[in-house]
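The values are calculated or read from the model by the stated rules, or taken from the named source; none is laboratory data. Note that the structure is predicted; figures quoted are calculated from it, not measured. So basically every Cβ, Gly included, is an ideal-geometry build from the backbone, and we count neighbours across all protein chains shown.
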(Lines give C-alpha, C1' and ligand atoms only; values in the text may rest on other atoms or scores of the structure.)
Protein backbone atom coordinates (compact mmCIF):
# COMPACT_ATOMS: atom_id res chain seq x y z
CA UNK A 1 0.00 0.00 0.00
CA UNK A 2 1.50 3.25 -1.08
CA UNK A 3 1.46 6.35 1.10
CA UNK A 4 -0.74 9.12 -0.12
CA UNK A 5 1.19 12.03 -1.55
CA UNK A 6 1.09 15.00 0.79
CA UNK A 7 0.02 18.23 -0.92
CA UNK A 8 2.87 20.71 -1.48
CA UNK A 9 2.91 23.67 0.95
CA UNK A 10 3.26 27.00 -0.89
CA UNK A 11 4.77 30.13 0.74
CA UNK A 12 4.33 33.59 -0.58
CA UNK A 13 7.42 34.67 -2.38
CA UNK A 14 9.87 36.71 -0.34
CA UNK A 15 9.74 40.41 -1.18
CA UNK A 16 12.42 41.54 -3.49
CA UNK A 17 14.70 44.48 -2.88
CA UNK A 18 12.57 46.41 -5.33
CA UNK A 19 9.49 45.75 -3.17
CA UNK A 20 11.28 47.11 -0.10
CA UNK A 21 12.48 50.19 -1.97
CA UNK A 22 8.99 50.78 -3.32
CA UNK A 23 7.48 50.57 0.18
CA UNK A 24 10.03 53.03 1.54
CA UNK A 25 9.43 55.40 -1.36
CA UNK A 26 5.70 55.18 -0.73
CA UNK A 27 6.24 56.41 2.79
CA UNK A 28 8.58 59.16 1.65
CA UNK A 29 6.98 60.33 -1.58
CA UNK A 30 3.27 59.58 -1.83
CA UNK A 31 0.55 60.48 0.65
CA UNK A 32 -0.94 57.29 2.08
CA UNK A 33 -3.06 57.45 5.24
CA UNK A 34 -0.91 57.70 8.35
CA UNK A 35 -2.44 54.50 9.73
CA UNK A 36 -1.90 52.42 6.59
CA UNK A 37 -0.38 49.10 7.81
CA UNK A 38 2.80 47.56 6.48
CA UNK A 39 2.00 44.75 4.01
CA UNK A 40 2.42 41.26 5.54
CA UNK A 41 5.00 40.27 2.96
CA UNK A 42 7.26 43.12 4.04
CA UNK A 43 6.91 42.35 7.73
CA UNK A 44 9.13 39.28 7.22
CA UNK A 45 12.00 41.52 6.17
CA UNK A 46 14.24 42.02 9.18
CA UNK A 47 14.15 45.58 10.50
CA UNK A 48 11.31 46.60 8.19
CA UNK A 49 8.86 47.13 11.05
CA UNK A 50 11.27 49.50 12.79
CA UNK A 51 12.01 51.34 9.56
CA UNK A 52 8.30 51.68 8.82
CA UNK A 53 7.61 53.05 12.31
CA UNK A 54 10.52 55.52 12.09
CA UNK A 55 9.50 56.82 8.68
CA UNK A 56 5.85 57.05 9.70
CA UNK A 57 6.78 59.03 12.83
CA UNK A 58 8.96 61.38 10.79
CA UNK A 59 6.12 61.81 8.26
CA UNK A 60 3.75 62.82 11.04
CA UNK A 61 6.30 65.26 12.47
CA UNK A 62 6.90 66.90 9.08
CA UNK A 63 3.15 67.08 8.45
CA UNK A 64 2.57 68.74 11.83
CA UNK A 65 5.30 71.33 11.20
CA UNK A 66 3.84 72.11 7.78
CA UNK A 67 0.49 72.81 9.43
CA UNK A 68 2.06 75.05 12.07
CA UNK A 69 1.54 72.55 14.90
CA UNK A 70 4.52 73.19 17.18
CA UNK A 71 3.36 70.88 19.96
CA UNK A 72 3.41 67.55 18.13
CA UNK A 73 5.36 64.93 20.08
CA UNK A 74 7.79 62.74 18.14
CA UNK A 75 9.22 59.67 19.91
CA UNK A 76 11.56 58.67 17.09
CA UNK A 77 15.30 59.14 17.42
CA UNK A 78 18.12 59.67 15.00
CA UNK A 79 19.54 62.46 12.90
CA UNK A 80 16.43 63.34 10.88
CA UNK A 81 14.05 63.16 13.84
CA UNK A 82 16.51 65.15 15.95
CA UNK A 83 16.82 67.85 13.29
CA UNK A 84 13.05 68.15 13.10
CA UNK A 85 12.78 68.41 16.89
CA UNK A 86 15.46 71.11 16.88
CA UNK A 87 13.53 73.03 14.20
CA UNK A 88 10.35 72.64 16.23
CA UNK A 89 12.10 74.02 19.33
CA UNK A 90 13.50 76.98 17.39
CA UNK A 91 10.09 77.77 15.94
CA UNK A 92 8.53 77.61 19.41
CA UNK A 93 11.09 80.08 20.73
CA UNK A 94 10.63 82.33 17.72
CA UNK A 95 6.87 82.26 18.25
CA UNK A 96 7.42 83.30 21.87
CA UNK A 97 9.64 86.16 20.69
CA UNK A 98 7.05 87.31 18.16
CA UNK A 99 4.43 87.36 20.92
CA UNK A 100 6.72 89.54 23.05
CA UNK A 101 7.38 91.87 20.13
CA UNK A 102 3.62 92.15 19.62
CA UNK A 103 3.43 93.40 23.22
CA UNK A 104 5.96 96.13 22.50
CA UNK A 105 9.15 94.40 23.69
CA UNK A 106 11.40 95.32 20.78
CA UNK A 107 14.67 94.23 22.39
CA UNK A 108 14.23 90.60 21.31
CA UNK A 109 16.59 89.19 18.67
CA UNK A 110 16.93 85.74 17.06
CA UNK A 111 20.33 84.20 16.33
CA UNK A 112 19.65 80.54 15.60
CA UNK A 113 17.96 80.32 12.20
CA UNK A 114 20.39 81.88 9.73
CA UNK A 115 18.77 84.03 7.05
CA UNK A 116 15.40 83.81 8.76
CA UNK A 117 16.89 85.21 11.98
CA UNK A 118 18.54 88.04 10.08
CA UNK A 119 15.22 88.94 8.44
CA UNK A 120 13.41 88.71 11.79
CA UNK A 121 15.96 90.96 13.51
CA UNK A 122 15.77 93.52 10.70
CA UNK A 123 11.99 93.53 10.95
CA UNK A 124 12.06 94.08 14.74
CA UNK A 125 14.65 96.87 14.46
CA UNK A 126 12.64 98.69 11.79
CA UNK A 127 9.45 98.17 13.77
CA UNK A 128 11.15 99.59 16.87
CA UNK A 129 12.27 102.67 14.91
CA UNK A 130 8.80 103.18 13.43
CA UNK A 131 7.02 102.81 16.76
CA UNK A 132 9.49 105.17 18.46
CA UNK A 133 8.98 107.76 15.72
CA UNK A 134 5.20 107.42 15.94
CA UNK A 135 5.31 107.68 19.74
CA UNK A 136 7.36 110.87 19.56
CA UNK A 137 5.07 112.29 16.89
CA UNK A 138 2.00 111.36 18.91
CA UNK A 139 3.47 113.01 22.01
CA UNK A 140 4.30 116.11 20.00
CA UNK A 141 0.77 116.40 18.63
CA UNK A 142 -0.67 115.67 22.06
CA UNK A 143 1.36 118.52 23.52
CA UNK A 144 0.35 120.80 20.67
CA UNK A 145 -3.30 119.96 21.25
CA UNK A 146 -2.99 120.63 25.00
CA UNK A 147 -0.76 123.70 25.06
CA UNK A 148 -1.02 127.31 24.05
CA UNK A 149 1.51 127.74 21.22
CA UNK A 150 2.63 131.21 22.34
CA UNK A 151 3.22 130.74 26.08
CA UNK A 152 3.65 126.98 26.36
CA UNK A 153 1.00 126.88 29.09
CA UNK A 154 -1.99 124.58 28.95
CA UNK A 155 -4.83 125.75 26.77
CA UNK A 156 -8.29 126.18 28.25
CA UNK A 157 -9.62 122.79 27.19
CA UNK A 158 -6.66 120.89 28.63
CA UNK A 159 -6.84 122.96 31.81
CA UNK A 160 -10.51 122.13 32.36
CA UNK A 161 -9.92 118.42 31.81
CA UNK A 162 -6.97 118.29 34.21
CA UNK A 163 -8.72 120.52 36.74
CA UNK A 164 -11.77 118.23 36.83
CA UNK A 165 -9.53 115.24 37.51
CA UNK A 166 -7.75 117.16 40.26
CA UNK A 167 -11.03 118.25 41.86
CA UNK A 168 -12.13 114.63 41.98
CA UNK A 169 -9.26 113.92 44.39
CA UNK A 170 -9.57 117.13 46.43
CA UNK A 171 -13.32 116.78 46.93
CA UNK A 172 -12.89 113.18 48.01
CA UNK A 173 -10.28 114.23 50.59
CA UNK A 174 -12.18 117.41 51.51
CA UNK A 175 -9.14 119.61 50.86
CA UNK A 176 -9.46 123.31 49.94
CA UNK A 177 -8.90 124.63 46.43
CA UNK A 178 -8.31 128.19 45.25
CA UNK A 179 -8.85 129.67 41.80
CA UNK A 180 -6.89 132.69 40.56
CA UNK A 181 -7.73 134.71 37.47
CA UNK A 182 -4.99 137.11 36.27
CA UNK A 183 -5.02 139.76 33.56
CA UNK A 184 -2.19 141.93 32.19
CA UNK A 185 -3.16 145.57 32.68
CA UNK A 186 -3.44 147.90 29.68
CA UNK A 187 -2.36 145.15 27.31
CA UNK A 188 -4.08 146.76 24.31
CA UNK A 189 -2.01 149.88 24.89
CA UNK A 190 1.17 147.77 24.84
CA UNK A 191 0.18 146.30 21.48
CA UNK A 192 -0.76 149.70 20.08
CA UNK A 193 2.44 151.36 21.33
CA UNK A 194 5.08 148.71 20.77
CA UNK A 195 3.43 146.31 18.31
CA UNK A 196 2.00 142.82 18.57
CA UNK A 197 5.42 141.16 18.56
CA UNK A 198 6.25 143.03 21.74
CA UNK A 199 2.85 142.08 23.15
CA UNK A 200 3.63 138.42 22.49
CA UNK A 201 6.96 138.78 24.30
CA UNK A 202 5.18 140.33 27.28
CA UNK A 203 2.72 137.44 27.47
CA UNK A 204 5.55 134.92 27.28
CA UNK A 205 7.45 136.69 30.06
CA UNK A 206 4.40 136.92 32.33
CA UNK A 207 3.58 133.25 31.70
CA UNK A 208 7.15 132.25 32.59
CA UNK A 209 7.02 134.34 35.77
CA UNK A 210 3.71 132.77 36.84
CA UNK A 211 5.04 129.28 36.15
CA UNK A 212 8.13 129.93 38.29
CA UNK A 213 5.90 130.48 41.34
CA UNK A 214 3.79 127.35 40.95
CA UNK A 215 4.11 124.01 42.70
CA UNK A 216 4.08 120.76 40.75
CA UNK A 217 0.45 120.15 41.75
CA UNK A 218 -0.76 123.59 40.62
CA UNK A 219 -2.38 124.02 37.20
CA UNK A 220 -2.13 127.09 34.99
CA UNK A 221 -3.42 127.96 31.54
CA UNK A 222 -3.71 130.86 29.17
CA UNK A 223 -7.41 131.49 29.48
CA UNK A 224 -7.58 133.76 26.47
CA UNK A 225 -5.94 136.94 25.23
CA UNK A 226 -3.96 138.38 28.14
CA UNK A 227 -5.78 136.35 30.83
CA UNK A 228 -4.32 133.50 32.85
CA UNK A 229 -6.18 130.99 35.01
CA UNK A 230 -4.67 129.09 37.95
CA UNK A 231 -5.97 126.25 40.12
CA UNK A 232 -4.21 125.71 43.46
CA UNK A 233 -5.16 122.37 45.08
CA UNK A 234 -4.72 122.26 48.85
CA UNK A 235 -4.73 126.07 49.14
CA UNK A 236 -7.38 127.85 51.17
CA UNK A 237 -8.47 131.36 50.23
CA UNK A 238 -5.83 133.08 52.37
CA UNK A 239 -3.04 131.07 50.74
CA UNK A 240 -4.46 131.78 47.30
CA UNK A 241 -4.48 135.50 48.05
CA UNK A 242 -0.86 135.34 49.23
CA UNK A 243 0.20 133.57 46.02
CA UNK A 244 -1.65 136.13 43.90
CA UNK A 245 -0.01 139.02 45.79
CA UNK A 246 3.47 137.55 45.31
CA UNK A 247 2.73 137.15 41.61
CA UNK A 248 1.45 140.73 41.40
CA UNK A 249 4.65 142.06 42.95
CA UNK A 250 6.85 139.87 40.75
CA UNK A 251 5.13 141.03 37.56
CA UNK A 252 5.36 144.66 38.65
CA UNK A 253 9.13 144.30 39.13
CA UNK A 254 9.73 142.82 35.68
CA UNK A 255 11.59 144.67 32.94
CA UNK A 256 10.78 143.08 29.60
CA UNK A 257 13.06 143.81 26.66
CA UNK A 258 11.41 143.46 23.25
CA UNK A 259 12.33 145.05 19.92
CA UNK A 260 14.87 147.41 21.52
CA UNK A 261 12.25 148.61 23.98
CA UNK A 262 12.09 147.98 27.72
CA UNK A 263 8.53 147.47 28.87
CA UNK A 264 7.19 147.35 32.41
CA UNK A 265 3.77 145.90 33.09
CA UNK A 266 1.37 145.24 35.93
CA UNK A 267 -1.36 142.67 36.37
CA UNK A 268 -4.64 142.41 38.24
CA UNK A 269 -5.82 139.31 40.09
CA UNK A 270 -9.13 137.86 41.23
CA UNK A 271 -9.10 135.03 43.78
CA UNK A 272 -11.84 132.64 44.88
CA UNK A 273 -11.82 129.50 46.96
CA UNK A 274 -14.17 126.76 45.85
CA UNK A 275 -17.15 126.33 48.17
CA UNK A 276 -18.18 122.89 49.46
CA UNK A 277 -19.77 120.82 46.75
CA UNK A 278 -23.50 120.27 47.03
CA UNK A 279 -24.98 116.81 46.58
CA UNK A 280 -26.58 117.75 43.26
CA UNK A 281 -23.58 119.65 41.89
CA UNK A 282 -21.17 118.02 39.45
CA UNK A 283 -17.46 118.83 39.45
CA UNK A 284 -17.73 120.82 36.23
CA UNK A 285 -20.41 123.06 37.74
CA UNK A 286 -18.32 123.51 40.89
CA UNK A 287 -15.26 124.52 38.87
CA UNK A 288 -17.20 126.83 36.55
CA UNK A 289 -18.74 128.57 39.57
CA UNK A 290 -15.28 129.16 41.05
CA UNK A 291 -13.93 130.49 37.74
CA UNK A 292 -16.94 132.77 37.35
CA UNK A 293 -16.48 134.22 40.84
CA UNK A 294 -12.72 134.69 40.35
CA UNK A 295 -13.46 136.48 37.07
CA UNK A 296 -15.90 138.81 38.86
CA UNK A 297 -13.22 139.59 41.45
CA UNK A 298 -10.76 140.27 38.63
CA UNK A 299 -13.25 142.67 37.06
CA UNK A 300 -13.53 144.37 40.44
CA UNK A 301 -9.74 144.73 40.57
CA UNK A 302 -9.80 146.37 37.14
CA UNK A 303 -12.58 148.73 38.19
CA UNK A 304 -10.81 149.85 41.35
CA UNK A 305 -7.50 150.83 39.82
CA UNK A 306 -5.74 147.70 38.48
CA UNK A 307 -2.45 146.22 39.74
CA UNK A 308 -4.16 144.69 42.75
CA UNK A 309 -5.57 141.47 44.17
CA UNK A 310 -9.29 141.17 44.92
CA UNK A 311 -10.85 138.18 46.64
CA UNK A 312 -14.32 139.55 47.41
CA UNK A 313 -16.63 142.06 45.83
CA UNK A 314 -15.73 144.44 48.65
CA UNK A 315 -12.04 143.67 49.15
CA UNK A 316 -10.41 144.47 52.47
CA UNK A 317 -6.79 145.48 52.72
CA UNK A 318 -4.29 142.76 51.90
CA UNK A 319 -3.10 140.77 54.92
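Mind checking whether some residue in the range 245-253 is at pLDDT 95 or above, under 38 Å from the mean Cα position of the chain (by Cα) and not in a loop (DSSP other than H, G, I, E, B)?
To start, the set of residues in the range 245-253 that are at pLDDT 95 or above comprises 245-253.
If we keep only those that are under 38 Å from the mean Cα position of the chain (by Cα) as well, we get 247.
Then drop every residue that is not not in a loop (DSSP other than H, G, I, E, B), which leaves 247.
Among the residues of the range 245-253, at least one is at pLDDT 95 or above, under 38 Å from the mean Cα position of the chain (by Cα) and not in a loop (DSSP other than H, G, I, E, B), which makes the answer yes.
Which pairs turn up if I take residues in the range 179-196 that are outside the structural domain of residue 286 (by TED's automatic domain parsing) and look for partners that are surrounded by 12 or more Cβ atoms within 10 Å (Cβ to Cβ) and assigned to a helix (DSSP H, G or I) with beta carbon separation below 7 Å, at least 6 apart in sequence or on another chain? Taking only residues 6 or more apart or on different chains, not a single pair turns up. Those residues that are touching a residue at least 60 places away in the same chain (Cβ under 8 Å) and part of a loop (DSSP other than H, G, I, E, B), I need them from the range 254-281; list them, please. Matches in the range 254-281: 259, 265, 266, 274, 277. The requirement of being under 23 Å from residue 146 (Cβ atoms) and at pLDDT 95 or above is fulfilled somewhere in the range 184-191, by at least one residue.
If you take the residues in the range 213-226 that are in contact (Cβ under 8 Å) with a residue 24 or more places away in the chain and surrounded by fewer than 19 Cβ atoms within 10 Å (Cβ to Cβ), which one is nearest to residue 260 (Cα to Cα)? Here the answer is 225. Against the criterion of being more than 20 Å from the chain's Cα centre (by Cα) and surrounded by 15 or more Cβ atoms within 10 Å (Cβ to Cβ), residue 123 does not qualify. Which condition breaks for residue 307 when tested against (1) under 43 Å from the mean Cα position of the chain (by Cα); (2) outside any helix (DSSP H, G or I)? Residue 307 satisfies every listed condition except (1). If only residues of the range 96-120 that are closer than 15 Å to residue 70 by Cβ and modelled with pLDDT of 80 or more are counted, the one that is farthest from the chain's Cα centre (by Cα) is 96. Confirm whether residue 284 is assigned to a strand (DSSP E or B) and modelled with pLDDT under 95. Considered against the rule, which asks whether it is assigned to a strand (DSSP E or B) and modelled with pLDDT under 95, residue 284 comes out as no.
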